[in-house]
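Throughout, read-outs are computed from the coordinates displayed, never taken from laboratory work. Everything numeric in this text was worked out from a predicted model, so none of it was measured. Cβ sites come from the backbone with ideal geometry, for glycine too, and all protein chains shown count toward neighbours.
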Amino acid sequence: MRAVITVVGKDTVGILSRVSAECAAHKINVEEVTQSILRDMFAMIMMVDIEQSDIPFTEFADNLESIGKDMHLSIHAMHEDLFNAMHTI
């Protein structure tokens, strides 16, 4: 099972580190990352494997949202199935 994590906000030091540390803390493997910085705006999409996660996905998503609030970022985690369903025409 996989999930998609999106991060958007003002660029600052440690964004990738903080999000990937939360993943590692819960045995969630980061499979792919793409990120861009446009002027001072940061945007990142991560594909992660949640198969071995040691917490429920909703709790993980809430943790990321809390990190986002602390860092003044918008961070969302969505199960891959839901992401695909939302983006299917």
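Values as computed for the structure displayed
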quantity: Residue count for segment 10-32, restricted to those that are assigned to a strand (DSSP E or B) and either polar (S, T, N, Q) or touching a helix residue (DSSP H, G or I) at 6+ places or on another chain (Cβ under 7 Å) (or both); calculated: 2
quantity: Subset tally (residues that are more than 13 Å from the chain's Cα centre (by Cα) and either closer than 21 Å to K10 by Cβ or of a type in the set (A, V, I, L, M) (or both)) for segment 43-68; calculated: 1
quantity: Residues satisfying the stated conditions in segment 20-58, i.e. aliphatic (A, V, I, L, M) and touching a strand residue (DSSP E or B) at 6+ places or on another chain (Cβ under 6 Å); calculated: I28, V30, V33, A43, M44, I45, M46, M47, V48, I50
quantity: Counted residues, segment 56-86 - those being in contact with a helix residue (DSSP H, G or I) (Cβ under 8 Å, 6 or more places away or on another chain) and either aromatic (F, W, Y) or not in a strand (DSSP E or B) (or both); calculated: 5
quantity: Neighbours by Cβ (under 9 Å, 6+ apart or cross-chain): first from segment 11-24, more than 9 Å from L64 (Cβ to Cβ); second assigned to a loop (DSSP other than H, G, I, E, B) and basic (K, R); calculated: D11/R39
quantity: A25 vs. criteria under 12 Å from the mean Cα position of the chain (by Cα) and among the small types (G, A, S); calculated: no
quantity: Test set (1) over 25 Å from A85 (Cα atoms); (2) touching an Asp or Glu at 6+ places or on another chain (Cβ under 8 Å); (3) of a type outside the set (A, V, I, L, M); (4) exposed (fewer than 15 other Cβ atoms within 10 Å of the Cβ) - H72 fails condition number; calculated: (2)
quantity: Cβ-Cβ under 6 Å pairs, at least 6 apart or on other chains, segment 36-51 side under 10 Å from V7 (Cα atoms), far side of a type in the set (D, E); calculated: F42/D11
quantity: Single residue of segment 33-42 satisfying the filter (in a strand (DSSP E or B) and surrounded by fewer than 17 Cβ atoms within 10 Å (Cβ to Cβ)) that is nearest to the chain's Cα centre (by Cα); calculated: V33
